[in-house]
1. Every residue in the range 79-92 that is among the small types (Gly, Ala, Ser), surrounded by 13 or more Cβ atoms within 10 Å (Cβ to Cβ) and over 22 Å from GLU183 (Cα atoms), please.
2. Look at the range 58-88 and say how many of its residues are of a type in the set (Gly, Ala, Ser) and in contact with a helix residue (DSSP H, G or I) (Cβ under 8 Å, 6 or more places away or on another chain).
3. Just one of (1) in contact (Cβ under 8 Å) with a residue 40 or more places away in the chain; (2) more than 30 Å from ALA44 (Cα to Cα) trips up ASP214, so point out which.
4. Is there a residue in the range 177-196 that is touching a strand residue (DSSP E or B) at 6+ places or on another chain (Cβ under 7 Å), free of Cβ contacts under 8 Å to residues at least 40 places away in the same chain and crowded, with 16+ Cβ neighbours inside 10 Å?
5. It is to be established whether one or more residues within the range 247-269 are of a type in the set (Asp, Glu) and touching a residue at least 60 places away in the same chain (Cβ under 8 Å).
6. Cβ-Cβ distance below 7 Å, separation of 6 or more or different chains: which pairs start in the range 49-69 with a residue that is under 18 Å from GLY371 (Cα atoms) and end on one that is among the aromatic types (Phe, Trp, Tyr)?
7. Can we say GLU231 is within 27 Å of ALA43 (Cα to Cα) and among the acidic types (Asp, Glu)?
8. Restricting to the range 51-73, name every residue that is among the aromatic types (Phe, Trp, Tyr) and surrounded by 15 or more Cβ atoms within 10 Å (Cβ to Cβ).
Amino acid sequence: MTMISLPLTTAVLAALATASVTVHAAQPLRALPGDQVVATLVAAPLPPDDSEHAPLAFAWALDPAQTLQASTPYASVSRSYWQQVDGAQLQRGLELPLTAPDAVIQLSPAAGARAVPAQSLQVRDPAGRSSVARAVDARQLQDAGMPVGEDSSMLRTGTGSAAGNYRLQSAQAQGRYVVQVLEPNSPLRLEVQASQAQVLAGGSVQLRARLLEDGASPAQLQARRGGLGGEALLVAPDGRSWPQRLLRTTDGSLHAQVRIPAEASNTQGLWELQVFAQADGVLRDGKVAFAVARPTARFVGQATPDQASRRVALPLQVAAAGRYEARGTLHATGPDGQLRPVAQAHAAAWFDGPGRGQLVLPFDQAALPAGFGAPFELRELQLHDQSRMAPIESRAVALRF
C-alpha cells in the first residue's frame, strides 16, 4: 500500500509503508466519550537525548479466558504534611498538630541554614512533657538506606503520646528549614485523585481531594469534612507552578477544574497536582502525578484492517520529528459469539519531520486460539510520542472488522 510519506526515512517506508496489508474495508477510527483525540497538531523540539531510529513491530498472544483490567486514574493517600519555617519560629517553638502516637518528625535545613543536631531538638506534648522516643541524624538515616539530605534530623514521638498540638523547638536554629510530619498510625488520611492519568497540553483535568477517617461514622465524617479547606498547586516538570482554587462540594470533598498550559514543558517527566488541606486542626498534604503530552502527531484518515492477516494499517499525520508508537489489543469472536482479547501488538518508527505515514500493527505474529476468528475489534488503541515520553491519543474501541 502506497502512502504519502515525505519526509519519512527510506527505512521506515521499507519496513512499514510497504508492509503486506491487503486493502480491505478502510474505515475511520471511532472516537468514544472519554477517548483522547488530537484536534490540532503542534511542533515541539526534540529532547537532547538520542532516540532509537530503527523501526520495530511485534505482537504476542493473550489468553482469552483472562479478563483485561481497565486502567483507572491513580489516587494517592497521605497521612503526612510539611511546612517551611524559619529559625525564629523553631526557637520560639513550632506548633505541630498530631492525631496519633508514634509520629515521625523530620527537620531538613535549607541552603545556608545552621545544622541542628538531632539530640538538641525538643518535642513537647500538649501537657508540656518531653515526647521524644528516639532521635537520629542524617548519617544514621543514610546508613539505613534513606535518601535524606546532609544535616537532616528525625525524631519519633512515644507510643503512648496523645493527640493534640505538640511543640517542636530548637535554640540553635538559624535560617530556613523544612519540617515534615508523618503519622503512620493516624485514622485520618487525605485521598487525592486526578480524573485521568494523561491529558493533552491545553486540556483540563479534574482534581478531587477528600478526607477519610478510619472507624468514623458517616455523621462524624461529614462533620469533619464540614471544616475541610485547602489550596492546590499545579507543578510542571521544569519547576513552574500555578495556584489552583479548591471548592468544597456538597459531599465535603474539595474539587478543582485544572487547565494545563498549552505551552506545556520541554522538560521530561510527570506533572503533579499538590494539595495542602486542613480540617479542624488536622493538616494533610497529598499529591498525584499524571502525564501531559504535546499533540505532535495523530491518527488521521482511514485505517485499513485486513481480516485475513489481522494486520491493521494506521495512517499518521506528524508535526514534529521523533519516534512514534502505536499499540493496541485485538479482540476476536469466540465459539460462544463473544469478543475476547487474543493478542496485543506494538509498532514504532522514526519520522524525520512533518508529513504523513503509517504504522502497522502485526497481529498476524500471534496465533489465534482455537475456535476464535472474525469479526474482530481493535481496542485500547494508543499513540505515543516515544521521543518525548508522551501518550498522545487513546481510543477504547477503535475498529470493528
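The values are calculated or read from the model by the stated rules, or taken from the named source; none is laboratory data. In this text, all values refer to a predicted model and were calculated from it rather than measured experimentally. Cβ coordinates were reconstructed from backbone atoms using ideal geometry, including for glycine residues, and neighbour counts include every protein chain displayed.
1. GLY87
2. Final tally of qualifying residues: 1.
3. Result: ASP214 passes all but (1).
4. no
5. Within the range 247-269, one or more residues are of a type in the set (Asp, Glu) and touching a residue at least 60 places away in the same chain (Cβ under 8 Å).
6. Partner pairs satisfying both residue conditions: PRO64/PHE372.
7. On the way: within 27 Å of ALA43 (Cα to Cα): no; among the acidic types (Asp, Glu): yes.
Judged against the criteria, GLU231 is not a match.
8. Result: no residue meets the conditions.
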